[in-house]
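Worksheet: one structure, shown below.
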4 protein chains.
Amino acid sequence: MNQQTIDRIRKFTQDRDWDQFHSPSNLAKSISIEANELLECFQWSDTDYDIEAVKEELADVLVYCRNMLDKLELDEDEIVNAKMDKNEAKYPVEKAKGNSKKYNQL
Amino acid sequence: MNQQTIDRIRKFTQDRDWDQFHSPSNLAKSISIEANELLECFQWSDTDYDIEAVKEELADVLVYCRNMLDKLELDEDEIVNAKMDKNEAKYPVEKAKGNSKKYNQL
Amino acid sequence: MNQQTIDRIRKFTQDRDWDQFHSPSNLAKSISIEANELLECFQWSDTDYDIEAVKEELADVLVYCRNMLDKLELDEDEIVNAKMDKNEAKYPVEKAKGNSKKYNQL
Amino acid sequence: MNQQTIDRIRKFTQDRDWDQFHSPSNLAKSISIEANELLECFQWSDTDYDIEAVKEELADVLVYCRNMLDKLELDEDEIVNAKMDKNEAKYPVEKAKGNSKKYNQL
(Lines give C-alpha, C1' and ligand atoms only; values in the text may rest on other atoms or scores of the structure.)
Protein backbone atom coordinates (compact mmCIF):
# COMPACT_ATOMS: atom_id res chain seq x y z
CA MET A 1 0.00 0.00 0.00
CA ASN A 2 1.43 3.36 -0.90
CA GLN A 3 1.60 6.27 1.53
CA GLN A 4 -1.27 8.12 -0.12
CA THR A 5 -3.63 5.20 0.37
CA ILE A 6 -2.50 4.76 3.97
CA ASP A 7 -3.08 8.45 4.63
CA ARG A 8 -6.55 8.24 3.10
CA ILE A 9 -7.51 5.37 5.41
CA ARG A 10 -6.19 7.28 8.43
CA LYS A 11 -8.07 10.43 7.47
CA PHE A 12 -11.28 8.44 6.95
CA THR A 13 -11.06 7.11 10.52
CA GLN A 14 -10.03 10.47 11.96
CA ASP A 15 -12.75 12.48 10.21
CA ARG A 16 -15.41 10.14 11.62
CA ASP A 17 -13.88 10.02 15.10
CA TRP A 18 -13.85 6.24 14.85
CA ASP A 19 -10.54 5.62 16.57
CA GLN A 20 -12.56 5.15 19.79
CA PHE A 21 -14.08 1.95 18.30
CA HIS A 22 -10.78 0.61 17.00
CA SER A 23 -9.60 -1.41 19.96
CA PRO A 24 -7.27 -4.21 18.86
CA SER A 25 -9.96 -6.71 19.84
CA ASN A 26 -12.68 -4.98 17.79
CA LEU A 27 -10.32 -4.78 14.83
CA ALA A 28 -9.51 -8.50 15.13
CA LYS A 29 -13.25 -9.22 15.05
CA SER A 30 -13.62 -6.91 12.05
CA ILE A 31 -10.82 -8.62 10.11
CA SER A 32 -12.48 -11.99 10.71
CA ILE A 33 -15.92 -10.66 9.74
CA GLU A 34 -14.62 -9.19 6.48
CA ALA A 35 -12.53 -12.31 5.77
CA ASN A 36 -15.77 -14.25 5.95
CA GLU A 37 -17.59 -11.89 3.60
CA LEU A 38 -14.70 -12.66 1.25
CA LEU A 39 -15.13 -16.38 1.92
CA GLU A 40 -18.83 -16.05 1.14
CA CYS A 41 -17.84 -15.28 -2.48
CA PHE A 42 -16.68 -18.91 -2.63
CA GLN A 43 -19.35 -20.48 -0.39
CA TRP A 44 -20.88 -22.82 -2.96
CA SER A 45 -18.34 -22.78 -5.76
CA ASP A 46 -14.57 -22.53 -5.99
CA THR A 47 -14.57 -21.33 -9.57
CA ASP A 48 -17.78 -19.39 -10.23
CA TYR A 49 -17.25 -16.18 -8.24
CA ASP A 50 -18.04 -12.49 -8.62
CA ILE A 51 -14.64 -10.82 -9.05
CA GLU A 52 -16.05 -7.38 -8.19
CA ALA A 53 -17.32 -8.68 -4.86
CA VAL A 54 -13.97 -10.40 -4.22
CA LYS A 55 -12.13 -7.12 -4.80
CA GLU A 56 -14.37 -5.23 -2.40
CA GLU A 57 -14.19 -7.78 0.39
CA LEU A 58 -10.44 -8.26 0.07
CA ALA A 59 -10.10 -4.47 0.22
CA ASP A 60 -12.14 -4.44 3.44
CA VAL A 61 -9.80 -7.00 5.01
CA LEU A 62 -6.80 -4.91 3.97
CA VAL A 63 -8.29 -1.70 5.38
CA TYR A 64 -8.93 -3.26 8.78
CA CYS A 65 -5.43 -4.77 8.76
CA ARG A 66 -4.09 -1.26 8.12
CA ASN A 67 -6.23 0.05 11.01
CA MET A 68 -4.71 -2.59 13.29
CA LEU A 69 -1.15 -1.85 12.17
CA ASP A 70 -1.84 1.83 12.94
CA LYS A 71 -3.52 1.15 16.27
CA LEU A 72 -0.65 -1.01 17.50
CA GLU A 73 1.99 1.18 15.81
CA LEU A 74 3.37 -1.75 13.87
CA ASP A 75 5.41 -1.64 10.70
CA GLU A 76 3.91 -3.94 8.07
CA ASP A 77 7.21 -4.90 6.43
CA GLU A 78 8.82 -5.56 9.78
CA ILE A 79 6.17 -7.97 11.05
CA VAL A 80 5.80 -9.70 7.68
CA ASN A 81 9.54 -10.21 7.31
CA ALA A 82 9.81 -11.50 10.88
CA LYS A 83 7.08 -14.02 10.07
CA MET A 84 8.71 -14.97 6.75
CA ASP A 85 11.92 -15.74 8.68
CA LYS A 86 9.91 -18.25 10.70
CA ASN A 87 8.02 -19.63 7.69
CA GLU A 88 11.23 -20.24 5.78
CA ALA A 89 12.65 -22.15 8.74
CA LYS A 90 9.46 -24.15 9.33
CA TYR A 91 9.03 -25.06 5.67
CA PRO A 92 12.45 -25.91 4.20
CA VAL A 93 12.25 -26.13 0.40
CA GLU A 94 13.45 -29.71 0.21
CA LYS A 95 10.70 -30.92 2.55
CA ALA A 96 7.84 -28.61 1.61
CA LYS A 97 8.16 -28.54 -2.17
CA GLY A 98 4.88 -29.45 -3.82
CA ASN A 99 3.46 -30.47 -0.47
CA SER A 100 0.58 -28.73 1.35
CA LYS A 101 1.11 -30.54 4.66
CA LYS A 102 1.44 -28.49 7.84
CA TYR A 103 5.00 -28.06 9.15
CA ASN A 104 4.39 -30.37 12.11
CA GLN A 105 3.36 -33.16 9.72
CA LEU A 106 6.20 -32.76 7.21
CA MET B 1 4.33 -3.51 1.86
CA ASN B 2 7.52 -2.63 -0.02
CA GLN B 3 8.60 -4.39 -3.21
CA GLN B 4 11.33 -6.39 -1.46
CA THR B 5 8.82 -7.93 0.96
CA ILE B 6 6.39 -8.67 -1.87
CA ASP B 7 9.17 -10.36 -3.85
CA ARG B 8 10.17 -12.41 -0.82
CA ILE B 9 6.61 -13.73 -0.43
CA ARG B 10 6.43 -14.57 -4.14
CA LYS B 11 9.76 -16.39 -4.05
CA PHE B 12 8.68 -18.34 -0.96
CA THR B 13 5.62 -19.66 -2.82
CA GLN B 14 7.53 -20.29 -6.05
CA ASP B 15 10.43 -22.14 -4.40
CA ARG B 16 7.97 -24.53 -2.74
CA ASP B 17 5.83 -24.96 -5.86
CA TRP B 18 2.82 -23.93 -3.79
CA ASP B 19 1.04 -21.91 -6.45
CA GLN B 20 -0.92 -25.07 -7.29
CA PHE B 21 -2.61 -24.87 -3.85
CA HIS B 22 -3.34 -21.16 -4.09
CA SER B 23 -6.76 -21.19 -5.71
CA PRO B 24 -8.72 -18.04 -4.82
CA SER B 25 -11.08 -20.21 -2.76
CA ASN B 26 -8.26 -21.85 -0.78
CA LEU B 27 -6.72 -18.43 -0.16
CA ALA B 28 -10.04 -17.06 1.07
CA LYS B 29 -10.24 -19.98 3.52
CA SER B 30 -6.65 -19.31 4.56
CA ILE B 31 -7.30 -15.61 5.21
CA SER B 32 -10.26 -16.52 7.40
CA ILE B 33 -8.30 -19.22 9.25
CA GLU B 34 -5.44 -16.83 10.01
CA ALA B 35 -7.85 -14.02 10.91
CA ASN B 36 -9.25 -16.37 13.53
CA GLU B 37 -5.84 -17.24 14.91
CA LEU B 38 -5.49 -13.48 15.32
CA LEU B 39 -8.92 -13.33 16.95
CA GLU B 40 -7.86 -16.10 19.34
CA CYS B 41 -5.34 -13.63 20.86
CA PHE B 42 -8.41 -11.75 22.14
CA GLN B 43 -10.67 -14.74 22.87
CA TRP B 44 -11.09 -14.20 26.61
CA SER B 45 -9.79 -10.68 27.09
CA ASP B 46 -9.82 -7.48 25.07
CA THR B 47 -6.87 -5.98 26.89
CA ASP B 48 -4.59 -8.77 28.09
CA TYR B 49 -3.06 -10.05 24.87
CA ASP B 50 0.32 -11.36 23.70
CA ILE B 51 1.60 -8.70 21.31
CA GLU B 52 4.15 -11.08 19.77
CA ALA B 53 1.39 -13.53 18.86
CA VAL B 54 -0.72 -10.66 17.48
CA LYS B 55 2.16 -9.57 15.23
CA GLU B 56 2.65 -13.09 13.87
CA GLU B 57 -1.01 -13.75 13.18
CA LEU B 58 -1.59 -10.34 11.60
CA ALA B 59 1.45 -11.00 9.41
CA ASP B 60 -0.07 -14.35 8.34
CA VAL B 61 -3.29 -12.58 7.29
CA LEU B 62 -1.26 -10.04 5.31
CA VAL B 63 0.80 -12.72 3.56
CA TYR B 64 -2.30 -14.61 2.41
CA CYS B 65 -3.88 -11.32 1.27
CA ARG B 66 -0.75 -10.70 -0.79
CA ASN B 67 -0.99 -14.24 -2.22
CA MET B 68 -4.57 -13.50 -3.26
CA LEU B 69 -3.70 -10.14 -4.83
CA ASP B 70 -0.99 -11.94 -6.80
CA LYS B 71 -3.21 -14.85 -7.81
CA LEU B 72 -5.95 -12.57 -9.10
CA GLU B 73 -3.47 -10.04 -10.48
CA LEU B 74 -4.99 -7.24 -8.46
CA ASP B 75 -3.36 -3.96 -7.49
CA GLU B 76 -3.71 -3.38 -3.75
CA ASP B 77 -3.93 0.43 -3.95
CA GLU B 78 -6.44 0.23 -6.75
CA ILE B 79 -8.90 -2.05 -4.97
CA VAL B 80 -8.48 -0.28 -1.63
CA ASN B 81 -9.07 3.15 -3.16
CA ALA B 82 -12.10 1.89 -5.08
CA LYS B 83 -13.51 0.59 -1.78
CA MET B 84 -12.66 3.82 0.04
CA ASP B 85 -14.66 5.71 -2.62
CA LYS B 86 -17.66 3.60 -1.62
CA ASN B 87 -16.99 3.84 2.12
CA GLU B 88 -16.77 7.63 1.97
CA ALA B 89 -20.11 7.75 0.15
CA LYS B 90 -21.77 5.25 2.51
CA TYR B 91 -20.51 6.93 5.66
CA PRO B 92 -20.76 10.71 5.21
CA VAL B 93 -18.86 12.51 7.98
CA GLU B 94 -21.88 14.43 9.27
CA LYS B 95 -23.88 11.23 9.79
CA ALA B 96 -21.16 8.79 10.82
CA LYS B 97 -19.07 10.92 13.15
CA GLY B 98 -18.64 9.23 16.51
CA ASN B 99 -21.18 6.60 15.52
CA SER B 100 -20.42 2.90 15.00
CA LYS B 101 -23.76 2.07 13.38
CA LYS B 102 -23.81 0.29 10.03
CA TYR B 103 -24.52 2.49 7.00
CA ASN B 104 -28.00 1.01 6.50
CA GLN B 105 -28.93 2.02 10.07
CA LEU B 106 -27.48 5.54 10.00
CA MET C 1 -28.14 -33.09 21.91
CA ASN C 2 -29.67 -35.15 24.68
CA GLN C 3 -30.15 -33.85 28.22
CA GLN C 4 -27.26 -35.89 29.61
CA THR C 5 -24.80 -34.31 27.17
CA ILE C 6 -26.17 -30.83 27.88
CA ASP C 7 -25.80 -31.43 31.63
CA ARG C 8 -22.24 -32.63 31.14
CA ILE C 9 -21.30 -29.43 29.28
CA ARG C 10 -22.93 -27.31 31.98
CA LYS C 11 -21.14 -29.18 34.77
CA PHE C 12 -17.81 -28.83 32.94
CA THR C 13 -18.20 -25.03 32.87
CA GLN C 14 -19.49 -24.85 36.43
CA ASP C 15 -16.76 -27.05 37.92
CA ARG C 16 -14.08 -24.80 36.38
CA ASP C 17 -15.85 -21.56 37.32
CA TRP C 18 -15.70 -20.53 33.67
CA ASP C 19 -19.07 -18.87 33.44
CA GLN C 20 -17.28 -15.58 34.19
CA PHE C 21 -15.50 -15.83 30.81
CA HIS C 22 -18.63 -16.77 28.88
CA SER C 23 -19.91 -13.35 27.87
CA PRO C 24 -22.02 -13.57 24.71
CA SER C 25 -19.28 -11.68 22.86
CA ASN C 26 -16.52 -14.05 24.00
CA LEU C 27 -18.68 -17.03 23.03
CA ALA C 28 -19.31 -15.54 19.58
CA LYS C 29 -15.54 -15.20 19.14
CA SER C 30 -15.10 -18.77 20.35
CA ILE C 31 -17.66 -20.16 17.91
CA SER C 32 -15.88 -18.39 15.04
CA ILE C 33 -12.45 -19.57 16.21
CA GLU C 34 -13.59 -23.20 16.43
CA ALA C 35 -15.47 -22.92 13.11
CA ASN C 36 -12.16 -21.94 11.56
CA GLU C 37 -10.31 -24.86 13.13
CA LEU C 38 -12.98 -26.94 11.42
CA LEU C 39 -12.41 -25.03 8.18
CA GLU C 40 -8.69 -25.72 8.48
CA CYS C 41 -9.47 -29.42 7.94
CA PHE C 42 -10.44 -28.40 4.39
CA GLN C 43 -7.86 -25.64 3.84
CA TRP C 44 -6.04 -27.20 0.88
CA SER C 45 -8.39 -29.97 -0.18
CA ASP C 46 -12.13 -30.46 -0.26
CA THR C 47 -11.94 -34.21 -0.32
CA ASP C 48 -8.81 -35.34 1.50
CA TYR C 49 -9.61 -34.57 5.13
CA ASP C 50 -8.98 -36.12 8.53
CA ILE C 51 -12.42 -37.24 9.72
CA GLU C 52 -11.24 -37.53 13.34
CA ALA C 53 -10.14 -33.89 13.31
CA VAL C 54 -13.43 -32.88 11.69
CA LYS C 55 -15.38 -34.64 14.44
CA GLU C 56 -13.41 -32.89 17.17
CA GLU C 57 -13.66 -29.41 15.67
CA LEU C 58 -17.36 -29.74 14.87
CA ALA C 59 -17.89 -30.89 18.46
CA ASP C 60 -16.07 -27.77 19.69
CA VAL C 61 -18.39 -25.55 17.66
CA LEU C 62 -21.42 -27.37 19.07
CA VAL C 63 -20.18 -27.07 22.66
CA TYR C 64 -19.71 -23.30 22.36
CA CYS C 65 -23.12 -22.98 20.70
CA ARG C 66 -24.59 -24.82 23.68
CA ASN C 67 -22.70 -22.45 26.04
CA MET C 68 -24.26 -19.49 24.21
CA LEU C 69 -27.76 -20.96 24.29
CA ASP C 70 -27.31 -21.44 28.05
CA LYS C 71 -25.84 -17.99 28.63
CA LEU C 72 -28.69 -16.24 26.81
CA GLU C 73 -31.30 -18.72 28.13
CA LEU C 74 -32.39 -19.62 24.63
CA ASP C 75 -34.21 -22.74 23.54
CA GLU C 76 -32.42 -24.37 20.61
CA ASP C 77 -35.54 -25.76 18.94
CA GLU C 78 -37.36 -22.47 19.34
CA ILE C 79 -34.70 -20.33 17.66
CA VAL C 80 -34.00 -22.89 14.93
CA ASN C 81 -37.69 -23.25 14.09
CA ALA C 82 -38.16 -19.48 14.04
CA LYS C 83 -35.26 -19.26 11.57
CA MET C 84 -36.59 -22.14 9.48
CA ASP C 85 -39.89 -20.23 9.17
CA LYS C 86 -37.90 -17.39 7.62
CA ASN C 87 -35.75 -19.66 5.44
CA GLU C 88 -38.79 -21.43 4.03
CA ALA C 89 -40.32 -18.06 3.12
CA LYS C 90 -37.08 -16.69 1.65
CA TYR C 91 -36.35 -19.80 -0.39
CA PRO C 92 -39.61 -21.06 -1.93
CA VAL C 93 -39.15 -24.56 -3.35
CA GLU C 94 -40.17 -23.60 -6.90
CA LYS C 95 -37.52 -20.86 -7.05
CA ALA C 96 -34.72 -22.37 -5.01
CA LYS C 97 -34.78 -25.97 -6.20
CA GLY C 98 -31.35 -27.05 -7.40
CA ASN C 99 -30.12 -23.47 -7.13
CA SER C 100 -27.46 -22.23 -4.71
CA LYS C 101 -28.13 -18.53 -5.31
CA LYS C 102 -28.77 -16.25 -2.36
CA TYR C 103 -32.42 -15.33 -1.76
CA ASN C 104 -31.89 -11.74 -2.93
CA GLN C 105 -30.59 -13.01 -6.28
CA LEU C 106 -33.26 -15.64 -6.90
CA MET D 1 -32.45 -30.38 18.91
CA ASN D 2 -35.50 -32.59 18.91
CA GLN D 3 -36.28 -35.06 16.14
CA GLN D 4 -39.03 -32.88 14.65
CA THR D 5 -36.63 -29.96 14.16
CA ILE D 6 -33.97 -32.25 12.69
CA ASP D 7 -36.53 -33.70 10.27
CA ARG D 8 -37.64 -30.21 9.26
CA ILE D 9 -34.05 -29.22 8.40
CA ARG D 10 -33.58 -32.42 6.39
CA LYS D 11 -36.82 -31.89 4.49
CA PHE D 12 -35.87 -28.28 3.75
CA THR D 13 -32.63 -29.44 2.10
CA GLN D 14 -34.29 -32.34 0.30
CA ASP D 15 -37.20 -30.31 -1.08
CA ARG D 16 -34.73 -27.83 -2.61
CA ASP D 17 -32.38 -30.51 -3.91
CA TRP D 18 -29.56 -28.76 -2.06
CA ASP D 19 -27.70 -31.85 -0.91
CA GLN D 20 -25.54 -31.48 -4.04
CA PHE D 21 -24.09 -28.23 -2.60
CA HIS D 22 -23.51 -29.66 0.88
CA SER D 23 -20.01 -31.01 0.52
CA PRO D 24 -18.27 -31.14 3.93
CA SER D 25 -15.95 -28.37 2.74
CA ASN D 26 -18.81 -26.08 1.66
CA LEU D 27 -20.56 -26.72 4.97
CA ALA D 28 -17.39 -25.87 6.90
CA LYS D 29 -17.22 -22.57 4.98
CA SER D 30 -20.91 -21.98 5.71
CA ILE D 31 -20.49 -22.59 9.45
CA SER D 32 -17.63 -20.07 9.53
CA ILE D 33 -19.59 -17.52 7.47
CA GLU D 34 -22.62 -17.75 9.76
CA ALA D 35 -20.40 -17.72 12.88
CA ASN D 36 -19.07 -14.40 11.63
CA GLU D 37 -22.52 -12.98 11.04
CA LEU D 38 -23.09 -13.88 14.69
CA LEU D 39 -19.80 -12.22 15.62
CA GLU D 40 -20.89 -9.10 13.73
CA CYS D 41 -23.61 -8.63 16.37
CA PHE D 42 -20.74 -7.90 18.77
CA GLN D 43 -18.39 -6.10 16.36
CA TRP D 44 -18.27 -2.75 18.15
CA SER D 45 -19.77 -3.54 21.53
CA ASP D 46 -19.76 -6.51 23.87
CA THR D 47 -22.90 -5.47 25.69
CA ASP D 48 -25.11 -3.50 23.31
CA TYR D 49 -26.37 -6.18 20.91
CA ASP D 50 -29.58 -6.99 19.07
CA ILE D 51 -30.82 -10.21 20.68
CA GLU D 52 -33.14 -10.97 17.76
CA ALA D 53 -30.20 -10.87 15.35
CA VAL D 54 -28.14 -13.04 17.73
CA LYS D 55 -30.92 -15.65 17.81
CA GLU D 56 -31.13 -15.76 14.02
CA GLU D 57 -27.40 -16.02 13.42
CA LEU D 58 -26.87 -18.63 16.13
CA ALA D 59 -29.73 -20.61 14.57
CA ASP D 60 -27.97 -20.42 11.19
CA VAL D 61 -24.79 -21.85 12.72
CA LEU D 62 -26.79 -24.66 14.31
CA VAL D 63 -28.60 -25.50 11.06
CA TYR D 64 -25.33 -25.82 9.13
CA CYS D 65 -23.83 -27.91 11.93
CA ARG D 66 -26.86 -30.20 11.63
CA ASN D 67 -26.32 -30.35 7.84
CA MET D 68 -22.72 -31.41 8.44
CA LEU D 69 -23.65 -34.05 11.03
CA ASP D 70 -26.13 -35.44 8.49
CA LYS D 71 -23.72 -35.29 5.57
CA LEU D 72 -20.99 -37.14 7.47
CA GLU D 73 -23.49 -39.42 9.23
CA LEU D 74 -22.24 -38.37 12.64
CA ASP D 75 -24.09 -38.65 15.92
CA GLU D 76 -24.03 -35.30 17.74
CA ASP D 77 -23.99 -36.76 21.27
CA GLU D 78 -21.27 -39.23 20.34
CA ILE D 79 -18.84 -36.64 18.93
CA VAL D 80 -19.58 -34.12 21.68
CA ASN D 81 -19.05 -36.69 24.44
CA ALA D 82 -15.84 -37.91 22.83
CA LYS D 83 -14.60 -34.30 22.79
CA MET D 84 -15.73 -33.71 26.39
CA ASP D 85 -13.65 -36.75 27.42
CA LYS D 86 -10.63 -34.95 25.97
CA ASN D 87 -11.56 -31.55 27.40
CA GLU D 88 -11.95 -32.97 30.90
CA ALA D 89 -8.52 -34.57 30.65
CA LYS D 90 -6.89 -31.44 29.20
CA TYR D 91 -8.46 -29.08 31.73
CA PRO D 92 -8.35 -30.77 35.16
CA VAL D 93 -10.54 -28.86 37.63
CA GLU D 94 -7.71 -28.15 40.07
CA LYS D 95 -5.60 -26.49 37.38
CA ALA D 96 -8.25 -24.82 35.24
CA LYS D 97 -10.60 -23.46 37.90
CA GLY D 98 -11.20 -19.74 37.38
CA ASN D 99 -8.47 -19.67 34.73
CA SER D 100 -9.00 -18.96 31.04
CA LYS D 101 -5.50 -20.06 29.96
CA LYS D 102 -5.15 -22.59 27.17
CA TYR D 103 -4.34 -26.14 28.29
CA ASN D 104 -0.77 -25.98 26.99
CA GLN D 105 -0.13 -22.91 29.19
CA LEU D 106 -1.73 -24.21 32.39
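The values are calculated or read from the model by the stated rules, or taken from the named source; none is laboratory data. Since the model is a prediction, treat every value here as computed from it, not as a measurement. So basically every Cβ, Gly included, is an ideal-geometry build from the backbone, and we count neighbours across all protein chains shown. The accessibility values were calculated without ligands, DNA or RNA, using every heavy atom of the protein model including side chains. Shrake-Rupley method; radii C 1.70, N 1.55, O 1.52, S 1.80 Å.
B:Lys11: net charge of surrounding residues, Cβ under 14 Å, Lys/Arg +1, Asp/Glu -1, itself excluded?
-2
Given the -39500 (n - 2.57) contribution per DSSP H run of 4+ residues, what per-residue ellipticity at 222 nm results for chain A, rounded to the nearest 500 deg cm²/dmol?
-21500 deg cm²/dmol
Show me the three semi-axes of the equivalent ellipsoid for chain B, from the C-alpha gyration tensor (sqrt of 5 times each eigenvalue), largest first, rounded to whole Å.
Here the semi-axes work out to 29, 21, 13 Å.
I'd like the distance separating the alpha-carbon centroids of segment B:57-76 and segment A:1-64, in whole Å.
12 Å
Count the net charge of all other residues whose Cβ sits under 13 Å from the Cβ of B:His22, scoring Lys and Arg as +1 and Asp and Glu as -1.
Spelling it out: positives minus negatives among the neighbours equals 0.
When only DSSP loop residues count, what GluC sites (Glu not before Pro) in segment A:69-106 have their Cβ near at most 15 other Cβ atoms within 10 Å?
A:Glu73
Using the Cβ atoms and a cut-off under 12 Å, what net charge is assigned to the surroundings of D:Lys101, where Lys and Arg are +1 and Asp and Glu are -1?
Around D:Lys101, the charge tally is +3.
Tell me the label-point distance for the pair B:Asp77, C:Gln105, using the 7 Å Cα-to-Cβ offset, in nm and rounded to one decimal.
According to this spin-label approximation, the distance is 3.2 nm.
Rounded to the nearest 0.05, what FRET efficiency is calculated for C:Asp70 and A:Asp17 with R0 set to 41 Å and r the Cβ-Cβ distance?
0.65
Given an 8 Å cut-off on Cα distances and at least 6 residues of separation, report the relative contact order of chain A as a percent.
27 percent
Specify, for chain C, the residue whose C-beta is closest to the rotation axis mapping it onto chain B, with the distance given in whole Å.
C:Asn36, 2
Could you tell me what fraction of 2.2 N^0.38 Å the Cα radius of gyration of the protein assembly as shown comes to, as a two-decimal ratio?
After normalising by residue count via 2.2 N^0.38 Å, the value is 0.97.
Select from segment A:35-106 those trypsin sites (Lys or Arg not before Pro) which occupy a DSSP coil region and have at most 16 other Cβ atoms within 10 Å, ordered by residue number.
Loop-located and lightly packed - A:Lys97, A:Lys101, A:Lys102.
Suppose you put the label 7 Å out from Cα in the Cβ direction; list, shortest first and in nm with one decimal, how far B:Lys102 is from each other copy's label.
List, nearest first: 1.0, 3.1, 3.2 nm.
Got a sec? What order do D:Asp60, D:Asp46 fall in by accessible area at 1.4 Å, biggest, i.e. largest, first?
The most accessible residue leads, giving D:Asp46, D:Asp60.
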